[in-house]
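Each remark here refers to the structure printed beneath this line.
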Amino acid sequence: MPLPLIYHDDYSPDFPAEHRFPMDKFRLLRDHLVDSGLTTDQALLRPDICPNDILALAHDRSYIERYLSGDLSREDQRRLGLPWSEALARRTVRAVGGSLLTAEMALRDGIACHLAGGTHHAHYDHPAGFCIFNDLAVISRYLLEAGRVQRVLIFDCDVHQGDGTARILHDTPEAITVSLHCEQNFPARKAHSDWDIPLPRGMGDAAYLQVVDDALNYLLPLYQPDLVLYDAGVDVHKDDALGYLQLSDQGVAARDERVLRHCIGRDIPVVGVIGGGYSKDRAALAKRHGILHHSAAKVMSCSQ
């Protein structure tokens, strides 16, 4: 059974080349996964746009309408840090649809990975930190309300705290938010996740992987979730522009494999989203994000 991979050509709309958000990384990730032989373009699953009624499970309807019509306040535009366009708005709701499809495939096949997702700074009624709608919160609320799962655990390994996810899901006890993040980093004002695991600047592979193992060995038996949403941000990498941790390529690969094996070894389906990653070397960044998908294919083949 091949690893389900979800992507859409909408993911990399035209974007200012000098902008610090690497909007072309999604297309370059697709190219890398095809060129490396992991998949073909034809095999990639294309998602639908996420309907507003599903977005509204985690977001204020007036905020959804303001964003989609290009009517954000100047303050919200500043918080977001991305220039609005119709193409970006379409990309945004398409990508949430992609995370929903990834969750559906994970529930069916055990593992599935998105070539986008992990927009964990988006809040109930405003954007922040390059994030508009919070796919992790939307997936959680949607699957819980549909009765597809009884408990979801979000294991967020992006280097920045998943503050939007924590705040949106604060009153949803069936969605457990876990954030491993560099303590001295964006956002300046942290939220309260169910489990916050702040890490010191400069942490390298061995110490980081021990934290991952210890956290999962404790939390997965404690909560016994029906689904894990894994945010595999590569801004933990030593060459990332915004990260402050010191993981190597090998460390990122070991992290991804360990998270996936912890879940699959307990028969817990797991969704992989790519999270953050920032570099002027876009080809190197795309390859770094692709570590998740190669690791997932390896874990999936070993489990069959």
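The values are calculated or read from the model by the stated rules, or taken from the named source; none is laboratory data. Nothing here was measured: the structure is a model prediction, and the numbers come from that model. Heads up, the Cβs are rebuilt from the backbone with ideal geometry, glycines too, and the neighbour counts pull from every protein chain shown.
If I go through segment 98-107 residue by residue, how many of them are touching a residue at least 60 places away in the same chain (Cβ under 8 Å) and out of contact with any strand residue (DSSP E or B) (no Cβ under 6 Å at 6 or more places or on another chain)?
Step one: filter segment 98-107 for residues touching a residue at least 60 places away in the same chain (Cβ under 8 Å), giving 98-99, 101-103, 105-107.
Filter once more, so that each one left must be out of contact with any strand residue (DSSP E or B) (no Cβ under 6 Å at 6 or more places or on another chain): 107.
Result for segment 98-107: 1.
Kindly provide the set of residues from segment 105-141 that are of a type in the set (Ser, Thr, Tyr) and either on the phi > 0 side of the Ramachandran plot or surrounded by fewer than 21 Cβ atoms within 10 Å (Cβ to Cβ) (or both), ordered by number. Listed by number, the list holds a single entry, 124. With respect to (1) over 26 Å from residue 99 (Cβ atoms); (2) part of a helix (DSSP H, G or I); (3) touching a residue at least 60 places away in the same chain (Cβ under 8 Å), the lone exception for residue 220 is condition (1). Take the conditions surrounded by 16 or more Cβ atoms within 10 Å (Cβ to Cβ) and modelled with pLDDT under 95 and apply them to residue 301. Does it pass? Taking the combined requirement at face value, the residue does not satisfy it.
Note on segment 146-165: residues that are of a type outside the set (S, T, N, Q), without any contact (Cβ under 8 Å) to a residue 60 or more places away in the chain and crowded, with 24+ Cβ neighbours inside 10 Å amount to 2. Taking segment 245-273 as the range and being more than 13 Å from residue 204 (Cα to Cα), among the acidic types (Asp, Glu) and part of a helix (DSSP H, G or I) as the test, the residues that pass are 256, 257. For segment 261-277, state whether one or more residues are within 16 Å of residue 213 (Cβ to Cβ) and surrounded by 24 or more Cβ atoms within 10 Å (Cβ to Cβ). Yes - at least one qualifying residue is present in segment 261-277. Candidates in segment 46-82 are the residues that are hydroxyl-bearing (Ser, Thr, Tyr) and under 22 Å from residue 166 (Cα atoms); of these, the one that is surrounded by the fewest Cβ atoms within 10 Å (Cβ to Cβ) is 62. Among the residues of segment 68-88, just one is within 28 Å of residue 145 (Cβ to Cβ), in contact (Cβ under 8 Å) with a residue 40 or more places away in the chain and out of contact with any Pro (no Cβ under 7 Å at 6 or more places or on another chain), namely 72. State whether the residues of segment 242-259 include one that is of a type in the set (S, T, N, Q) and touching a strand residue (DSSP E or B) at 6+ places or on another chain (Cβ under 9 Å). Yes, there is a match, as at least one residue in segment 242-259 is of a type in the set (S, T, N, Q) and touching a strand residue (DSSP E or B) at 6+ places or on another chain (Cβ under 9 Å).
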